[in-house]
Amino acid sequence: MQKETNDSSSAAVRSSDLSFIPAFARSRWDWKGILLFNIMAGLLVISWNYEPVRVFWDAIDEEVFFILNGLLMSSEKWQLPAAISNTKRYDKISAIILIALLGIYAIAEKENGFTWRLSAVIFLGLYMLIFVYGRRKLGLFEFDRASPSMVLEPFYDLREAFPHKKPKVKAHSSFPSDHGAAVLVYGMMFWVIARKPWKIAIVAIMPFFIFPRMIGGAHWFTDVFVGSLCFALVVASLALHTPIFARSTCAIERMIARLLKHTEKYLPPRFHRAQG
């Protein structure tokens, strides 16, 4: 019985051809990768806090804000979409879209085995839940920084134009951007496991989840492209440059394989075709 269990577990792992995944995301420690990602994150944070360089970051922040928020003043066609994309309902829809994309990938993709694809998707979801939303709930690594909508003029206030929609246009602790952190970690992790068509989809949808808060005035440019990016680099490096990703997906895959073995007779034929 023990031998049979071991054989089934080994078969589950062998069902996935992980050669398409970069070597740094396989089951080994890549100290160069860890160092590179963390150095990049550290340099960004240092440059943002170093006064002589901070002047340039602040100039970029102001310019980006006036360009993006200025769109709302220059054209009415941007106003309603901007208000909708800064609501809690839009946030929920965004989360559903990101989850749906992972689900479609797990079912529709034809390479690397269904059980491995599903295990990678489950790992990504759990990893983001622990690090991204866990950080948010605990309030870790947050900086007291007022949103551009609170300190810059002129400012087109979506709350006054669309009070019934209750769009978010300010945050007292705007650095880093929660939306930016979630989307960037999602993008980095999904980029590694996916082939080119999925990478294109990731790049295509990311702006719709990152830019609304900057257009509305809740976040500065550097809240996302310094704060969120630094967080994403560190979090992604922990998974991709250590054995965490490979070992976790293999462990999840073994559990899925055992579960499918006991439930496959109850599943529809379409589900079995997705495992090809």
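The values are calculated or read from the model by the stated rules, or taken from the named source; none is laboratory data. Every value quoted in this text rests on a predicted model; they were computed, and no experiment measured them. For neighbour counting, all protein chains shown are included, and Cβ atoms are generated from backbone atoms with ideal geometry for every residue, glycine included.
Below, the figures for the structure above:
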{"item": "Any hit, the range 70-91, residues being within 21 Å of residue 159 (Cα to Cα), of a type in the set (Gly, Ala, Ser), in a helix (DSSP H, G or I) and within 22 Å of the chain's Cα centre (by Cα)", "result": "yes"}
{"item": "Filter result for residue 218 (crowded, with 19+ Cβ neighbours inside 10 Å, of a type in the set (Gly, Ala, Ser) and not in a helix (DSSP H, G or I))", "result": "yes"}
{"item": "Some residue of the range 162-182 being touching a strand residue (DSSP E or B) at 6+ places or on another chain (Cβ under 9 Å), more than 21 Å from residue 71 (Cα to Cα) and of a type in the set (S, T, N, Q)", "result": "yes"}
{"item": "Test for residue 119: is it farther than 24 Å from residue 223 by Cβ, within 20 Å of the chain's Cα centre (by Cα) and at pLDDT below 95", "result": "yes"}
{"item": "Scope the range 176-194; condition closer than 22 Å to residue 107 by Cβ and hydrophobic (A, V, I, L, M, F, W, C); matching residues", "result": "189, 190, 191, 192, 193, 194"}
